[in-house]
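All remarks here apply to the structure that follows.
The values are calculated or read from the model by the stated rules, or taken from the named source; none is laboratory data. All values derive from a computational prediction rather than experimental measurement. Ideal geometry is used to build each Cβ from the backbone, glycine not excepted, and the neighbour counts take in all protein chains shown.
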Amino acid sequence: MIGKKDKRYNEQERLLDVDASMQGSLVFKDPVNLRINGRFEGTLNTKGNLMLGEHATVNADITGDSIVIAGKVTGNIHALKELKLISPACVVGDITTPLLSVAEGAILEGMCRMLSKTNSEAGAKADVMTADELSKYLEVDSSVIIEWVNLGKLPAMKEGDTWRFDRARVDEWVAEGKIK
């Protein structure tokens, strides 16, 4: 059995401090304490704590549990637990979070949607994507996504004329090695 002291030490071990210029998709399936102080462009999907330092410049859509921003972000943010903007943060994009804190001197240019933690967590579990969003998530062309659906290879739901994809089912599909 791990004691509280051991658990805190374990969480500290998982600290990833990035002070560089990066581009691409960062996805963390396990909780991590991620701190970005440099440039990042792409998509960022984290579990645990994400801190964007005051020198960070991020051009990305971000999904994470607890997010603290002091730098510049252009992109939509989905914080499952909480989002804190501390001075001199500048966020240009829409945010979804159950708990929002905006400190004096921080700037938010975009729309804010606040849900209860229960609704946010349920929404995260039932995270539904369009074909274009799934295309970016899997880093394949959207025509390949539609081809997989038409061949019955990829789990999908049809709403009117639009295909929708449940992220959890897609993740299972990928984990089973069915992506080819």
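Tabulated data
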{"read-out": "Failed item, numbered, when V68 is tested on (1) in contact with a helix residue (DSSP H, G or I) (Cβ under 7 Å, 6 or more places away or on another chain); (2) at pLDDT 90 or above", "value": "(1)"}
{"read-out": "Residues located in region 95-113, provided they are closer than 10 Å to K84 by Cα and either in a strand (DSSP E or B) or in contact with an Asp or Glu (Cβ under 6 Å, 6 or more places away or on another chain) (or both)", "value": "L99, L100, S101, V102"}
{"read-out": "Any hit, region 84-103, residues being surrounded by 17 or more Cβ atoms within 10 Å (Cβ to Cβ) and of a type in the set (D, E, K, R)", "value": "yes"}
{"read-out": "Test: residue in region 56-74 that is assigned to a loop (DSSP other than H, G, I, E, B), touching a residue at least 12 places away in the same chain (Cβ under 8 Å) and surrounded by fewer than 18 Cβ atoms within 10 Å (Cβ to Cβ)", "value": "no"}
{"read-out": "Filtered residues of region 110-164 (kept if at pLDDT 90 or above and of a type in the set (S, T, N, Q))", "value": "S143"}
{"read-out": "Close pairs from region 9-33: first under 15 Å from L44 (Cα atoms) and assigned by TED's automatic domain parsing to the domain that holds G53, partner modelled with pLDDT of 80 or more and surrounded by fewer than 12 Cβ atoms within 10 Å (Cβ to Cβ), Cβ under 8 Å, at least 6 apart", "value": "S25/E139"}
